[in-house]
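Structure first, commentary second.
The values are calculated or read from the model by the stated rules, or taken from the named source; none is laboratory data. Computed from a predicted model, the values in this text were never measured in an experiment. Neighbour counts run over all protein chains shown; Cβ positions are idealised from the backbone, glycine included. Please note that ligands, DNA and RNA were not included when accessible areas were found on the heavy atoms of the full protein model with its side chains. Shrake-Rupley method; radii C 1.70, N 1.55, O 1.52, S 1.80 Å.
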Amino acid sequence: MGMKVLVVGGGGREHAIVWKIAQSPKVDKIYCAPGNAGIAELAECVNIGAMEFDKLVAFAKDNAVDLTVVGMDDPLVGGIVDAFEAEGLRVFGPRKNAAILEGSKAFSKDLMKKYNIPTADYEVFNSPDSALEYLRTKAKFPIVLKASGLALGKGVLICEDLAQAEAGVQELMVDKKFGSAGDQLVIEEFMTGREVSVLSFVDGNIVKTMASAQDHKRAKDGDQGLNTGGMGNFSPTPFYTKEVDDFCQKYIFQPTVDAMKAEGRPFQGVIFFGLMLTEDGPKVLEYNARFGDPEAQVVLPRMKNDIVDVFEACIDGTLDQIDLQFMDDACVTVVLASDGYPVSYKKGYPIRGLENFKNHPGYYCFHAGTKFNEKGEIVTNGGRVLDVTALGKDLKEARANAYKAVEWVDFDNKYYRHDIGHAIDEFKG
């Protein structure tokens with residue numbers, strides 16, 4: 001009998017993970033909790049929330065699930081892996097004491113300082129008064145304020161002057177716009193350079209990097225508008241050169257894994273390294289303790305390996321035996337969002353044209369926020385709705401293919417950026 005796999009989450013990242021798992025000859029049955037309308041084509045969706053650990057554990061036991069894969073940050077930081085392991089269940093993702101790498105920016109900054117991993121200079125504050133005092137007396141502008149806890153990738157403010165910074169402290173620490181995420185505040189120097197993302201598999205001892213990617217966080221064309229969870233992505237990024245990779249492997253990637261092990265917090269799962277390529281060399285912007293979204297959607301279609309083999313090697317500490325391989329083809333994803341995202345938007349609009357992806361190899365439509373309505377139609381159910389994704393022999397072709405496919409699918413209030421991947425036009429390599 002083949003394996004039964006449970007995936008926890010219900011967004012575009014989880015759709016990409018489920019799609020990749022479905023290609024494994026080892027797997028017979030996939031469940032996804034809670035899943036979405038797109039995931040339902042490949043997996044049996046189970047109506048259990050990602051934070052309902054007891055119910056998820058019971059489901060895995062009742063259904064003889066062989067492997068659970070956790071896509072999202074909240075359950076990882078909350079200790080879902082510990083809950084599964086306590087019941088003798090196999091699960092892919094970091095334990096609670098390792099997921100703190102993402103769950104507390106204060107922790108990760110202190111770790112980098114202690115182990116000399118390159119990052120921006122920073123200070124950590126536990127009260128609004130001490131933060132304001134620092135901003136008024138010692139700060140250089142522009143400056144960056146970060147809520148230490150999880151804030152859906154949005155609790156970061158770039159402040160041009162003191163007035164903006166004071167308003168930022170008010171928003172994060174006093175008004176608690178992101179809840180308890182703002183109990184601690186990290187204030188750090190503003191770095192300039194290109195931002196790139198590198199996803200990696202980690203087995204507690206060693207790290208193997210996946211392909212590089214580059215995100216587009218701002219809601220509007222030309223990198224204008226508010227920060228979002230990501231409006232599009234491409235892989236690989238030409239700015240992540242062999243020289244940059246050599247530096248990062250030596251001074252950032254492996255040292256991070258070694259540091260976590262030395263702290264008694266061995267990390268098994270995916271570390272997402274958010275990097276800034278500064279004039280002084282690459283520096284860490286942030287760590288995530290899981291696949292990025294929408295990074296997973298451009299990296300997994302390029303991956304040649306059976307992902308289940310890689311998951312199991314990370315759990316078993318045998319990642320050194322995996323030859324991780326990626327295609328030369330490039331991949332681009334364009335997020336189709338609900339107009340008004342990330343502030344307010346309507347949902348429940350029927351989606352037309354999904355069938356157009358059926359017989360087009362190299363074109364994918366990953367569902368980020370969809371569900372079935374009473375009539376059984378697939379409708380919009382979030383700010384980010386679909387991730388239209390395409391491969392191509394190079395980035396320009398992949399981008400052209402993705403934007404062609406954007407026209408295949410439609411819904412009322414469909415909104416997207418027209419300039420995903422624009423940076424590759426500036427690359428002189």
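Per 5 Å bin from zero, what fraction in whole % of the C-alpha pairs of the range 194-343 is there, up to the bin with the longest pair?
Values per bin, smallest distances first: 2, 9, 18, 21, 20, 15, 8, 5, 2, 0.
Suppose R0 equals 60 Å. What FRET efficiency, 1/(1 + (r/R0)^6) with r the Cβ-Cβ distance, do Q325 and N126 give to the nearest 0.05? Walk me through the numbers before you get to the answer.
On the way: r = 46 Å, r/R0 = 0.76.
Efficiency, rounded to the nearest 0.05: 0.85.
Sort 392-400, 74-82, 364-372 by packing, meaning the average of other beta carbons within 10 Å per residue, with the highest value first.
On the way: 392-400: 17.4, 74-82: 21.3, 364-372: 24.6.
The most tightly packed comes first, giving 364-372, 74-82, 392-400.
Within 10 Å, Cβ to Cβ, of Q268, how many net charges do the neighbouring residues add up to if Lys/Arg are +1 and Asp/Glu are -1? It would help to have the intermediate numbers written out before the result.
Details: positive: R95; negative: D203, D316.
Overall, the nearby charge balance is -1.
P(r) of the range 54-172 in 5 Å steps, Cα pairs, percent per bin?
Final binned percentages: 2, 10, 17, 16, 14, 11, 9, 8, 6, 4, 2, 1.
May I ask you to give the average projected area over all directions of the convex hull of the Cα atoms of the range 256-380, in nm² rounded to one decimal?
Working: hull surface 49.8 nm².
Its average projected convex-hull area is 12.5 nm².
Per the 1.4 Å probe, what fraction of the accessible area of the range 227-384, in percent, lies on carbon and sulfur atoms? If you can, show how the numbers build up before the last one.
Details: 2920 of 6310 Å².
Its accessible area is 46 percent carbon and sulfur atoms.
In nm, to one decimal, how far is the modelled label at K250 from the one at D316, with both set 7 Å along Cα→Cβ?
Computed distance between label sites K250 and D316 equals 3.4 nm.
Just how far, in whole angstrom, is the range 353-379 from the range 280-350 if you go by their alpha carbon centroids?
When both Cα centres are located, 20 Å separates them.
Quick check: Cα centre of the range 29-64 to Cα centre of the range 196-218, how many Å?
Between the Cα centre of the range 29-64 and that of the range 196-218, the gap is 26 Å.
First select every other residue whose beta carbon is under 14 angstrom from the beta carbon of D323; then total the charges, Lys and Arg +1, Asp and Glu -1. Don't skip to the end; give the middle numbers.
Working: positive: K208, K304; negative: D306, D309, D320.
That sum, taken over residues with Cβ under 14 Å, equals -1.
I'd like the FRET efficiency for M1 and V174, computed as 1/(1 + (r/R0)^6) with the beta carbon distance as r and R0 of 45 Å, rounded to 0.05. List each step's numbers first, then the result.
Values: r = 56 Å, r/R0 = 1.25.
Step by step, r from the Cβ atoms, then E = 0.20.
Which FRET efficiency value, to the nearest 0.05, is calculated for D82 and K55 with the Förster distance at 22 angstrom and r the Cβ-Cβ distance? Before the final figure, lay out each step's value.
Details: r = 16 Å, r/R0 = 0.73.
With R0 = 22 Å, the Cβ-Cβ based efficiency is 0.85.
Binned at 5 Å from 0, what are the whole-percent values of the Cα-Cα distance distribution for the range 145-268, short to long?
2, 9, 14, 16, 18, 19, 13, 8, 2, 0
At 10 °C and a viscosity of 1.306 mPa s, what translational diffusion coefficient does Stokes-Einstein give for the range 190-240, taking Rh as the Kirkwood radius over Cα pairs? Give it in µm²/s as a whole number. The partial results should precede the final answer.
Numbers: Rh = 12.6 Å.
Rounded to a whole number, D works out at 126 µm²/s.
Taking 10 °C and 1.306 mPa s as the conditions, I'd like the Stokes-Einstein D for the range 102-179 in µm²/s, using the Kirkwood hydrodynamic radius from alpha carbon pairs.
Roughly 122 µm²/s, to the nearest whole number.
Once every DSSP H run of n ≥ 4 in the chain is given -39500 (n - 2.57) and the sum is divided by its residues, what mean residue ellipticity at 222 nm do you get, rounded to the nearest 500 deg cm²/dmol? Don't skip to the end; give the middle numbers.
Working: 13 runs with 112 residues, N = 429.
It lands at -7000 deg cm²/dmol.
What's the extension gain from D221 to A64 if we count 0.36 nm per residue and subtract their Cα-Cα distance? Numbers along the way, then the final one.
Numbers: separation 157, 0.36 × 157 = 56.52 nm, distance 4.72 nm.
Full extension of this stretch gives 51.8 nm more.
What is the ratio of the Cα radius of gyration of the range 6-105 to 2.2 N^0.38 Å, with N the residue count, to two decimals? Mind showing how you got there, number by number?
On the way: Rg = 12.7 Å, N = 100, 2.2 N^0.38 = 12.7 Å.
Dividing the Cα radius of gyration by 2.2 N^0.38 Å gives 1.01.
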